[in-house]
1. Arranged by the count of other C-beta atoms within 10 angstrom, fewest first, what order do E100, E181 take?
2. Would you order S154, S180, S93 from fewest to most other beta-carbon atoms within 10 Å of each residue's own beta-carbon?
3. Q121: net charge of surrounding residues, Cβ under 11 Å, Lys/Arg +1, Asp/Glu -1, itself excluded?
4. Output ³J(HN,Hα) for segment 84-91: one whole-Hz value per residue in order, computed from phi by the Karplus curve 6.51 cos²θ - 1.76 cosθ + 1.60 with θ = phi - 60°, and x for Gly and Pro.
5. Can you sort T124, T94, T170 from fewest to most other Cβ atoms within 10 Å of each residue's own Cβ?
6. Report relative contact order for segment 113-193 in percent, whole number only (criteria: Cα-Cα under 8 Å, sequence separation at least 6).
Amino acid sequence: MAASSSTKLIALRRILSSRPLKPISPLYYSSISRSVLSPLCVLEPSNYSTPPLSRTFTSSGPSGVDSDASTGPLAVDYSSLLQEDNFHNLADSTIHHLLEKIEEYGDSVDIDGFDIDYGNQVLTVKFGDLGTYVLNKQTPNRQIWMSSPVSGPSRFDWDQNSQAWVYRRTKEYLFKILESELAQLCGNAISLS
């Protein structure tokens, strides 16, 4: 058994020997014994740089919602995103609004298996055999994420100019997407505004 471990260690050292290495501090991994940590190293490329604090969305307008995306992607600076408290207020009020409106809608349509639940900051809406919607907050990204049986997953950012949650890839609004999809699924129109 010891020979096998020694052979593996030698092979690992050969693989890592061609790259600059930096030892891992045993204090960082206190749950792992020192005897296991001593031969371990971390690759640290010399050209490593910290990624910028931005991400790219396809859009051209200052708010990221313009219909003309021909000028290229719009970088979003994370420092310009909503403050956490503001995000929670907006996201919570949006999800609670959807909970009430969709609950009323569910009472007006005759769908076997309709169920709506809000727990642990996740809104789950079941339309029986037609599918299930899941909406939840993603605090680090300041987004509302939605899983839809019609359009799949999407992530919505708050757009200050339009005062609405926008899916930047398609530039569509959360409420408009849900209104369209629910009418398509259930055969009855719904107004979420």
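1. With the fewest neighbours first, E100, E181 line up as E100, E181.
2. Sorted ascending by nearby Cβ count, the order is S93, S180, S154.
3. Within the 11 Å Cβ shell, the charges total 0.
4. Values, residue by residue: 4, 4, 5, 4, 4, 4, 5, 5 Hz.
5. By the 10 Å Cβ count, ascending, the order reads T170, T124, T94.
6. Averaging sequence separation for qualifying contacts and normalising by length gives 14 percent for segment 113-193.
Coordinate-derived values only; no laboratory data. Note that the coordinates shown come from a computational prediction; the quantities given were computed from them, not determined experimentally. Glycine also receives a Cβ, built like all others from the backbone with ideal geometry; neighbour counts cover every protein chain displayed.
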